[in-house]
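J.: Below is a structure I'd like to ask you about.
The values are calculated or read from the model by the stated rules, or taken from the named source; none is laboratory data. Quick caveat, the model's predicted, so the values are computed rather than measured. Cβ: placed from backbone, ideal geometry, glycine included. Neighbour counts: every protein chain shown.
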Amino acid sequence: MGDLPEPDFARNMRLIGHSDQGGRGDGLQVMIHRGYAYVAHPWSGGFTIVDVRDPRNPGPTTFVKAPPNTWTIHLQTHDDLLLVVHALDLFADVRFADEKAYYTGSVGDAVGGAKGRHWSAGVAIYDIERPDAPRQIGFFPIDGVGAHRVWWVGGRYAYVSALIDGFTDYIFVIVDLSDPTRPVEVGRWWLPGMNRADGETPTWGEGKRFALHHGLVAGDTAYACWRDGGITILDLADRSRPKLIAHRNWSPPYGGGTHSALPLPDRDLLIVADESVADNEADGRKHTWVFDIREPANPISIATFPTPDEADYRARGGHFGPHNLHENRPGSFVSSTLIFATWQNAGVRAFDISNPYAPKEAGALVPAAPARMIDRRPGRPPVIQTADVFVDAAGLIYVTDLDCTPTLRHA
């Protein structure tokens with residue numbers, strides 16, 4: 001392994017291991033499953049499986065190449081199955097060469113229909129009985145741009161953000177995985193104005209992007225984040241007919257980018273992270289919110305997480321602000337008082353919400369600056385952009401970055 005890079009900042013966390021993922025250091029979503037890390041790449045065109053049974057000395061890697069022109073940036077693991085999204089590689093598309101274009105307009109309108117599609121669109125399903133040798137056994141096709149992210153923790157249903165022809169952007173789709181070799185759609189839901197094929201007209205105006213990032217499901221309730229469209233709470237008692245319980249949107253006055261929700265049912269709380277999507281906070285200060293959901297039809301924001309302030313992260317360049325949350329998946333580290341979050345150029349953070357009205361930071365680690373940039377877009381600043389976090393049952397924190405994937409331990 002050699003010497004580990006000294007973090008720029010650490011408090012109650014320490015770096016214990018690192019993998020360059022077989023020379024493909026970029027990473028987005030990460031899952032830890034039976035001693036292996038499954039890492040989705042934003043730039044390297046595929047996903048990598050890393051042997052992390054010894055987290056201090058990660059072992060061999062397996063790389064699975066994506067189809068041509070296809071993003072595979074998010075994935076899910078449970079039991080013997082791996083689900084991987086397929087969509088048009090939007091950051092390689094000239095229409096989104098300027099990062100701002102991706103975040104401030106409807107992707108469906110920009111890309112148009114799938115006629116002559118030269119990419120793979122849908123969700124690929126793999127058998128991972130052998131964790132380092134995935135074998136594709138099924139595929140859920142999408143007529144359109146494809147899938148962005150999936151929530152699946154076993155069981156019959158997977159919940160997919162899908163951009164289907166005729167819609168302005170990604171919507172909420174429920175997929176029946178009873179037979180993983182033949183997945184089928186059973187239900188869908190979208191915000192009014194998104195279904196152009198049925199004559200709906202967007203009402204949110206220029207410079208906004210109403211699109212499902214993804215939704216988490218607890219029992220028969222989905223908590224779905226819609227970027228500049230805020231959050232919805234959906235009743236899924238009938239999976240074929242999702243029903244709206246509540247819709248809240250705080251943009252404006254805040255800058256949108258609602259990205260990740262984490263329900264804490266035992267405390268009637270909901271954590272919601274707004275993603276920072278512009279360099280140097282050009283989209284305003286973004287927050288992670290604490291909602292009281294004792295009355296699901298009337299969610300009330302009661303606090304925000306503290307913003308890292310031990311350095312001037314805004315001036316460092318790149319994105320500074322929330323991105324992803326550790327999602328309390330079955331079999332992982334599950335807590336309703338200790339919340340783990342990535343903060344892009346401010347690294348990974350842990351927050352104590354024992355008092356939900358006054359969250360406190362409990363730990364942090366900011367990795368060293370990248371030795372090289374893998375993000376191929378022109379003009380990107382050479383700073384870390386910590387992307388996703390997964391905490392295993394033993395308390396090891398696995399973190400991805402656009403340029404490195406360190407393994408951390410919380411104290």
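J.: Can you tell me which of Thr104, Thr61 is touching a residue at least 24 places away in the same chain (Cβ under 8 Å), in contact with a Gly (Cβ under 6 Å, 6 or more places away or on another chain) and surrounded by fewer than 19 Cβ atoms within 10 Å (Cβ to Cβ)? First the steps, then the outcome.
T.: On the way: Thr61 fails: surrounded by fewer than 19 Cβ atoms within 10 Å (Cβ to Cβ).
Selected residue: Thr104, the only one of Thr104, Thr61 that is touching a residue at least 24 places away in the same chain (Cβ under 8 Å), in contact with a Gly (Cβ under 6 Å, 6 or more places away or on another chain) and surrounded by fewer than 19 Cβ atoms within 10 Å (Cβ to Cβ).
J.: May I pose another question? If you check Ala224, Ala162, which single one turns out to be under 30 Å from Ala278 (Cα atoms), out of contact with any Ser or Thr (no Cβ under 7 Å at 6 or more places or on another chain) and either in a strand (DSSP E or B) or of a type in the set (A, V, I, L, M, F, W, C) (or both)?
T.: None of the other options fit; the residue is Ala162.
J.: Sticking with this one: Could you figure out which of (1) under 28 Å from Thr258 (Cβ atoms); (2) in contact (Cβ under 8 Å) with a residue 40 or more places away in the chain; (3) among the acidic types (Asp, Glu) isn't true of Asp51?
T.: (1) is the only condition that Asp51 fails.
J.: From Asn280, Asn249, which residue is of a type in the set (S, T, N, Q), at negative phi and at pLDDT 95 or above?
T.: Asn249
J.: If you don't mind, there's one more thing I want to ask. Out of Pro299, Pro306, Pro265, report the one residue that is at pLDDT 95 or above and out of contact with any Lys or Arg (no Cβ under 9 Å at 6 or more places or on another chain).
T.: So the residue among Pro299, Pro306, Pro265 that is at pLDDT 95 or above and out of contact with any Lys or Arg (no Cβ under 9 Å at 6 or more places or on another chain) is Pro265.
J.: Scanning for something under 22 Å from the mean Cα position of the chain (by Cα), basic (Lys, Arg) and crowded, with 18+ Cβ neighbours inside 10 Å, does region 370-385 turn up at least one residue?
T.: The answer is no; no qualifying residue exists.
J.: Return a yes/no flag: does region 20-35 have any residue that is farther than 25 Å from His148 by Cβ and at pLDDT 95 or above.
T.: yes
J.: Here's another thing I want to ask about it. With the condition kept exactly as written, say whether any residue in region 332-345 is buried (at least 18 other Cβ atoms within 10 Å of the Cβ), without any contact (Cβ under 8 Å) to a residue 60 or more places away in the chain, among the hydrophobic types (A, V, I, L, M, F, W, C) and touching a Ser or Thr at 6+ places or on another chain (Cβ under 8 Å).
T.: Yes: region 332-345 contains one or more residues that are buried (at least 18 other Cβ atoms within 10 Å of the Cβ), without any contact (Cβ under 8 Å) to a residue 60 or more places away in the chain, among the hydrophobic types (A, V, I, L, M, F, W, C) and touching a Ser or Thr at 6+ places or on another chain (Cβ under 8 Å).
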